[in-house]
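Undergrad: The structure under discussion is supplied below as structure tokens; questions concerning it will follow.
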Amino acid sequence: MSANLVALWYLAASVCFILALKGLSHPETARRGNYFGIAGMTIAVLTTLAIVAKGRLDLILLAMVIGGIIGAIGARRVQMTQMPELVAAMHSMVGMAAVLIAIAVVNNPASFGAADPMPTGNKLELFIGTFVGAITFSGSVIAFGKLAGLGKNFRLFSSAPVVFPGQHMVNLALFLVMIGFGTAFFLAPDKAWTPFIIMTAIAFVLGVLIIIPIGGADMPVVISMLNSYSGWAAAGIGFSLNNSMLIIAGSLVGSSGAILSYIMCKAMNRSFFSVILGGFGAAEGAAAAGASDKTVKSGSAEDAAFLLGNAESVIIVPGYGLAVARAQHAVKELAHKLTAKGVTVKYAIHPVAGRMPGHMNVLLAEAEVPYDQVFEMEDINSEFGNTDVVLVLGANDVVNPLALEKGSPIYGMPILDVHKARTVMVNKRSMASGYAGLDNPLFYMDKTMMIFGDAKKVVEDMVKSLE
């Protein structure tokens, strides 16, 4: 295949990727966006296979089949609540792929169409792609462990921040040493394996040290940040290989991940530059003093159904508990029953509800909830004050009024203004604190009724009571 034809097909794949990102920006066009993404990746893979057709195509196809089978099995088995862990695992693989490709290029540049010995510019690109990839891999492994709750087996995976004295100074020192060995690598006239290996090893360590001080409540931001890192790692390797497809695709992933990280930082009142440097792991909050002495008003599903059925307006706030119980279909049925009674029903989505961006949107889309009933936080917050009943299902931190109090660990974090509604009903399994480890004053308000139990069972009982 000629160079011009390769460039043309890679351009077509790039256009598909751009259209995929555009489609994924809204639930109504997300399916179309996925189709564009599949088409773009298919074109990119087939074009790459055509380029290497004279090589060991049999081994490449065998690796693709093995990887495809593993991916298909994993995708079918993963639960919706495990999607954040899956995303973290995917990021780690992208990072490791960048490192392995870099090692192969350093070992035999000619096999990748690079000059041997490699020019200084190529080595610089390899250095950047390698250390970003290594940080992405080890950081994603730690993020996976934190999200999967492996802290009880290995402290580095604890959802609470893992900190030690002088941590930031250690990170800075390691970063400078890594840059030093990287400089020695790309300035050396030969392959310079020793500085390359040391630089890569330090990058792996840095990935761990950057993520361990980040608490569980900040994991949604970490996911988007690592997504950006993985893209830039791929782009860096693309420059080294002179592969325009890797450069474009990596840049798209890196830039979109960075934009998403910025949006998430605003949603959680975090510093964007602190996120990039991995230094925003604040200590987890403790339960409010005297929380055990407070009393709450609790009710049954039948009580909740009575209040919902007699309301004029209802806003449903889905949270991680909804995902765990897989109650989205029952919630849609509840909304349908209420709408049939003349009740106006809307859904309110916080940007970081669940464990990753878009988690709740995907759940509601899976249940085929009408898109015109689903509203983002900035579009619906002004309506809570005029709403009769708000039903909170498994959400905690994103509706916590402590975010409005100076001195709180989550002070300044934008929240859904649930506390302004006339009546609030909260479904939880227990009074346990949320992922941020903070008690929630909303639960103790006179206007609040707690409904304890599994979200799916509780909502199904509400539906029966409405019949």
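Undergrad: Kindly establish whether Thr423 is surrounded by fewer than 20 Cβ atoms within 10 Å (Cβ to Cβ), touching a strand residue (DSSP E or B) at 6+ places or on another chain (Cβ under 8 Å) and among the hydroxyl-bearing types (Ser, Thr, Tyr).
TA: yes
Undergrad: Determine whether Ser25 is out of contact with any His (no Cβ under 7 Å at 6 or more places or on another chain), hydroxyl-bearing (Ser, Thr, Tyr) and modelled with pLDDT of 90 or more.
TA: no
Undergrad: Further, regarding this structure: Considering only residues of the stretch 20-35 that are part of a helix (DSSP H, G or I) and open to solvent by 70 Å² or more (accessible area, probe 1.4 Å), which is nearest to Glu368 (Cα to Cα)?
TA: Glu28
Residue-by-condition table, conditions (1) without any contact (Cβ under 8 Å) to a residue 40 or more places away in the chain; (2) farther than 30 Å from Ser111 by Cβ; (3) in contact with a His (Cβ under 8 Å, 6 or more places away or on another chain):
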residue	(1), (2), (3)
Leu5	yes, no, no
Ser14	no, no, no
Tyr35	yes, yes, no
Thr48	no, no, no
Ile60	yes, no, no
Gly68	yes, no, no
Gly71	yes, no, no
Ala75	yes, yes, no
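Undergrad: Among Leu438, Leu416, which is the only one that is open to solvent by less than 10 Å² (accessible area, probe 1.4 Å), over 14 Å from Ile316 (Cα atoms) and assigned to a loop (DSSP other than H, G, I, E, B)?
TA: After applying the criteria, what remains is Leu438.
Undergrad: Check Gly207, Gly257 and return the single one that is modelled with pLDDT under 90 and either within 26 Å of Leu24 (Cα to Cα) or in a helix (DSSP H, G or I) (or both).
TA: Selected residue: Gly257, the only one of Gly207, Gly257 that is modelled with pLDDT under 90 and either within 26 Å of Leu24 (Cα to Cα) or in a helix (DSSP H, G or I) (or both).
Undergrad: From (1) farther than 19 Å from Ser92 by Cα; (2) in contact (Cβ under 8 Å) with a residue 12 or more places away in the chain; (3) among the β-branched types (Val, Ile, Thr); (4) open to solvent by 50 Å² or more (accessible area, probe 1.4 Å), pick out the condition that doesn't hold for Val141.
TA: Looking at each condition in turn, Val141 falls short on (1).
Undergrad: Out of curiosity, is Val99 open to solvent by less than 40 Å² (accessible area, probe 1.4 Å) and at pLDDT below 85?
TA: So Val99 does not fit the description; no.
Undergrad: Something else about it: Any chance you could count how many residues in the stretch 312-350 are buried (at least 21 other Cβ atoms within 10 Å of the Cβ) and more than 32 Å from the chain's Cα centre (by Cα)?
TA: Total meeting the criteria: 1.
Undergrad: Here is a follow-up. Among the residues of the stretch 260-279, count how many are part of a helix (DSSP H, G or I), buried (at least 16 other Cβ atoms within 10 Å of the Cβ) and at pLDDT below 70.
TA: Residues meeting the conditions: 5.
Condition check ((1) outside any loop (DSSP other than H, G, I, E, B); (2) under 25 Å from the mean Cα position of the chain (by Cα); (3) surrounded by fewer than 24 Cβ atoms within 10 Å (Cβ to Cβ)) across all residues:
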position	(1), (2), (3)
Lys146	yes, yes, no
Leu156	yes, yes, yes
Ala173	yes, no, yes
Phe181	yes, no, yes
Ile197	yes, no, yes
Ala203	yes, yes, no
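Undergrad: While we're looking at this one, here's another question. Starting from residues that are touching a residue at least 60 places away in the same chain (Cβ under 8 Å) and aliphatic (A, V, I, L, M), keep the ones in the stretch 336-363 and report whichever is farthest from Gln79 (Cα to Cα).
TA: Leu338
Undergrad: Continuing with the same structure: Identify all residues within the stretch 52-61 that are modelled with pLDDT of 85 or more and within 16 Å of Ala3 (Cα to Cα); write none if there are none.
TA: Across the stretch 52-61, there are no qualifying residues.
The values are calculated or read from the model by the stated rules, or taken from the named source; none is laboratory data. Quick caveat: nothing in here was measured; it's all calculated off a predicted structure. As a convention, Cβ positions derive from the backbone with ideal geometry for all residues, glycine included, and neighbour counts pool all protein chains shown. SASA here: full protein model, heavy atoms, side chains in, ligands and nucleic acids out. Shrake-Rupley method; radii C 1.70, N 1.55, O 1.52, S 1.80 Å.
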